[in-house]
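A.B. asks: I am attaching a structure below and will ask some questions about it afterwards.
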Amino acid sequence: MSKRVLGVDFSGAATAGDALWVTEAIPTEDGLTIQRCYRGTDEWGRDREAAHAGLFDRITDDDVGAVGLDFPFSLPQALLDAQCGGTWDGFVDWLASGSGPTDPGSLSEACRHTAEMATGNRDLRRETDFRRGALCPYTNRTRSMTFYGVRDVLGKLRDDDATAVVPMQGWDADTLVAEVYPAATFGWLGCYREGYKNVDDPRQRREANVAAVEACSVTVGDHRDTYLGNHDALDSLAAVVSAGRLADGAGPPVSGPDSEGCIYV
């Protein structure tokens, strides 16, 4: 049987389990078949530590072949050069050692100060952020996901021989773990990148996004109402589409250094 594919809409909030959603799918000859969609709170608990530990355990299960995680995996190269020895491993160590930033606010402060000193611009983006229309990885909107995602999830996966965080660790592993960005995936599908979340009547746009996913050989089955009713769940569906493409042989990045990472769609 084909290995399972996971798509994760991540959260770095104190109550991360409430907004962390996972979609699980099985690749078939006809595409992806969605088998499960669940909230982190219902599976592992509401608080951040429990939800992230549960997610790590699920990623490292033997039946998982590819995972798409919706948070920034790295920093712009100028910051890696200035703070982390120029490498992604150095970035993970910077967050995990206790000698660097100790929370999302201090990560953002350190990055902005360093970026301004090095380039004159406080909010830098990676090449993949420019390509995919994503935000700077340490702004107020992204800093919690970057900090906790890298420190508490990727930091543990880095030392697991059965997984590879791509492209930083190469492609030779039982489980490939990739950065995804649902807005970019929906854009690639030709549907709504925005406007399907916190608006008065998002249902029509969510229906269009689900239809676009289904047209990409994905069977959502009984989970349709969940995706139409919750935008975080819908983002996990986009994440599983990108993870499925990775499992099906989507190639490495075409621009930017590997140490910055790559958003896969």
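The values are calculated or read from the model by the stated rules, or taken from the named source; none is laboratory data. Everything quoted here is computed from the prediction, not taken from an experiment. Don't worry about glycine lacking a Cβ; one is built from the backbone with ideal geometry, like all the others, and counts go over all protein chains shown.
A.B. asks: With respect to THR142, is the statement that it is in contact (Cβ under 8 Å) with a residue 24 or more places away in the chain and either more than 19 Å from the chain's Cα centre (by Cα) or surrounded by fewer than 20 Cβ atoms within 10 Å (Cβ to Cβ) (or both) true?
C.D. replies: Answer is no for this residue.
A.B. asks: Also, quick follow-up: Determine whether segment 110-119 contains at least one residue that is charged (D, E, K, R), touching a helix residue (DSSP H, G or I) at 6+ places or on another chain (Cβ under 8 Å) and not assigned by TED's automatic domain parsing to the domain that holds ASP61.
C.D. replies: No, because not a single residue in segment 110-119 is charged (D, E, K, R), touching a helix residue (DSSP H, G or I) at 6+ places or on another chain (Cβ under 8 Å) and not assigned by TED's automatic domain parsing to the domain that holds ASP61.
A.B. asks: Only one of these is closer than 19 Å to ARG224 by Cα, among the β-branched types (Val, Ile, Thr), buried (at least 17 other Cβ atoms within 10 Å of the Cβ) and modelled with pLDDT of 95 or more: ILE59, ILE34. Name it. So that I can check it myself, show each step before the final result.
C.D. replies: Values: ILE59 fails: closer than 19 Å to ARG224 by Cα.
The match here is ILE34.
A.B. asks: Would you mind stating whether ASP160 is at pLDDT below 95, of a type in the set (Asp, Glu) and out of contact with any Cys (no Cβ under 9 Å at 6 or more places or on another chain)?
C.D. replies: Taking the combined requirement at face value, the residue does not satisfy it.
Yes/no matrix, rows are residues, columns are (1) within 24 Å of ALA16 (Cβ to Cβ); (2) at pLDDT 95 or above:
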| position | (1), (2) |
| --- | --- |
| THR146 | yes, yes |
| GLY149 | yes, yes |
| MET168 | yes, yes |
| THR175 | yes, yes |
| VAL180 | yes, yes |
| GLU194 | yes, no |
| ASP201 | no, no |
| ARG224 | no, yes |
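A.B. asks: With the checklist (1) in a loop (DSSP other than H, G, I, E, B); (2) under 16 Å from ILE59 (Cα atoms) in hand, flag the one item LEU176 doesn't pass.
C.D. replies: (1)
A.B. asks: Filtering segment 1-31 down to residues that are among the charged types (D, E, K, R) and free of Cβ contacts under 8 Å to residues at least 60 places away in the same chain, which residue is surrounded by the most Cβ atoms within 10 Å (Cβ to Cβ)? Working first, answer last.
C.D. replies: Filtering segment 1-31 down to residues among the charged types (D, E, K, R) leaves 3-4, 9, 18, 24, 29-30.
Retained after the next criterion (residues that are free of Cβ contacts under 8 Å to residues at least 60 places away in the same chain): 18, 29.
Working: ASP18: 17, GLU29: 6.
If we take residues in segment 1-31 being among the charged types (D, E, K, R) and free of Cβ contacts under 8 Å to residues at least 60 places away in the same chain, then ASP18 is surrounded by the most Cβ atoms within 10 Å (Cβ to Cβ).
A.B. asks: Can you go through SER106, SER99, SER74 and tell me which one is surrounded by fewer than 17 Cβ atoms within 10 Å (Cβ to Cβ), among the small types (Gly, Ala, Ser) and under 26 Å from LEU20 (Cα atoms)? First the steps, then the outcome.
C.D. replies: Numbers: SER99 fails: under 26 Å from LEU20 (Cα atoms); SER74 fails: surrounded by fewer than 17 Cβ atoms within 10 Å (Cβ to Cβ).
Step by step, each of SER106, SER99, SER74 is checked, and only SER106 is surrounded by fewer than 17 Cβ atoms within 10 Å (Cβ to Cβ), among the small types (Gly, Ala, Ser) and under 26 Å from LEU20 (Cα atoms).
A.B. asks: Related question: Where in segment 1-116 are there strands (runs of 3 or more DSSP E), lying wholly inside it, with at least 2 residues that are among the polar types (S, T, N, Q)?
C.D. replies: Values: elements: 4-9, 21-28, 31-39, 64-69.
Result: 21-28, 31-39.
A.B. asks: State which residue is surrounded by the most Cβ atoms within 10 Å (Cβ to Cβ) when the search covers only segment 195-224 and only residues that are assigned to a helix (DSSP H, G or I) and among the hydrophobic types (A, V, I, L, M, F, W, C).
C.D. replies: VAL213
A.B. asks: Within the group LEU154, LEU124, which residue is outside any loop (DSSP other than H, G, I, E, B) and surrounded by 20 or more Cβ atoms within 10 Å (Cβ to Cβ)?
C.D. replies: On the way: LEU124 fails: outside any loop (DSSP other than H, G, I, E, B).
None of the others qualify; the one that does is LEU154.
A.B. asks: Quick check: anything in segment 72-88 under 20 Å from the mean Cα position of the chain (by Cα) and charged (D, E, K, R)?
C.D. replies: Let us first name the residues in segment 72-88 that are under 20 Å from the mean Cα position of the chain (by Cα), namely 72-77, 80, 87-88.
Subsequent filtering for residues that are charged (D, E, K, R) retains none.
Checked against the condition, which is being under 20 Å from the mean Cα position of the chain (by Cα) and charged (D, E, K, R), segment 72-88 yields no hits at all.
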